[in-house]
Structures are given as C-alpha cells and as structure tokens.
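Enquirer: Quick one: structure below, then a few questions.
The values are calculated or read from the model by the stated rules, or taken from the named source; none is laboratory data. Note that this is a predicted model, so its numbers are computed, not measured. Please note: Cβ atoms are built from the backbone with ideal geometry, for glycine as well, and neighbour counts cover all protein chains shown. Areas reflect the complete protein model, heavy atoms only, side chains present, ligands, DNA and RNA absent. Shrake-Rupley method; radii C 1.70, N 1.55, O 1.52, S 1.80 Å.
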Amino acid sequence: MNADDTRLLRIAYEEAKAGFDEGGCPIGSVLARGGEVVAQGRNQRVQKGDPIAHGEMDALRKAGRQKTYRDTTLYTSLSPCMMCTGTIIQFGIPRVVIGENKNFGGNEEFLRSKGVEVIVADDPDCIALMRRFIDEEPELWAEDIAE
Ligand SMILES: [Zn+2]
C-alpha cells in the first residue's frame, strides 16, 4: 500500500458508504491509472435493479472502453466475487487492492494464481460498514452473494 493506494481505496469506501446511504449493497470500487481515477462506481443491485452491477462492474462500465488495463489498479472495498474476479482476469488487470476480506472473500489465491498482485488492506472502516450492512440487511446480502 502506497499513498495513492490509501487515497484511492478511500474513494472506493466513500462509494460504498454512498451506496449504503441509498439503501443498496455498500460495495464501492475505483479503476485507477498512474494514481488517477479513471472511473469510480458502486454496487447498483438495489438502485438500478441490476444484479450484475457489482461495485467493480459499475466502475468498469463507467470507465468505458480502455485500450489496455495492463497499467491499471482496481480498488474495491470488499474482496471480489467470482464474477468480478473473472472480469479482472479477463480484462488483464494486473493489480487489485481490496479493502477487506473478513466479511466476504475467497478468490484472492485464484487471482494470485493468474498473476494478479493482490493487496488486502484490512481497512477498519470497510470492515465495519459491511458488518453493519450484513447485520441490518441479511436478506439483501444473501441475495447479493446468491445464498
Ligand atoms: Zn462481484
């Protein structure tokens, strides 16, 4: 984690918090290049009724077409699910910074096995926000992780 990582992960957290305040799943994401935000987004399951619009997918969609992802880092407040993990690998994103994987995780080693650098920040704010969401909205959380 360098200073850019700390700053950009914070933006992902703020996206997550905005999602929480909207009544959605509080997961935010940022696609960055050279320490600059390319696009930022958040889970839109509730807001747009879109089950595929996870935080990472929303950020990548907002980023639009990119000639390459080889020089990018993807920040996400919560460890990526298998759909988003697949997208990270498919797009060739070489580096992922994860806010936390206490509340959800499991694909970190798979990403690493595909050559992706994975950093887990163990961010207390990300952990606390997800914990609160899971406690307050267990059915919505179960829906988001297909359980
Ligand atoms: Zn996902």
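Enquirer: Report for the chain the percent antiparallel among DSSP-assigned beta bridges with both residues inside it, nearest 5.
Expert: 55 percent
Enquirer: Follow-up question, since we're still on this one. Report, in debye and to the nearest 20, how large the dipole of the chain comes out about its Cα centre when Lys and Arg carry +1 and Asp and Glu carry -1 on their Cβ. Before the final figure, lay out the partial values.
Expert: Working: 18 positive and 25 negative charges, 155 e Å.
Roughly 740 debye for the chain.
Enquirer: Could I ask something else about it? Quick check for you: with a 1.4 Å probe and neighbouring chains kept, what is the accessible area per residue of the chain, in Å²?
Expert: Heavy-atom accessible area per residue stands at 48 Å².
Enquirer: DSSP loop trypsin sites (Lys or Arg not before Pro) in the range 38-100 with at most 14 other Cβ atoms within 10 Å of their Cβ, which ones?
Expert: Listed in order of number, the matching sites are ARG65, LYS67, ARG70.
Enquirer: Determine how large the accessible area of ILE11 is when every protein chain is in place; take a 1.4 Å probe and give Å² rounded to the nearest 10.
Expert: 40 Å²
Enquirer: Can you give the Kirkwood hydrodynamic radius for the range 1-143, in Å, rounded to one decimal and based on Cα pairs?
Expert: 14.6 Å
Enquirer: Moving on to the next point. Express the carbon and sulfur contribution to the solvent-accessible surface of the chain as a percent, rounded to the nearest whole number, probe 1.4 angstrom.
Expert: 49 percent
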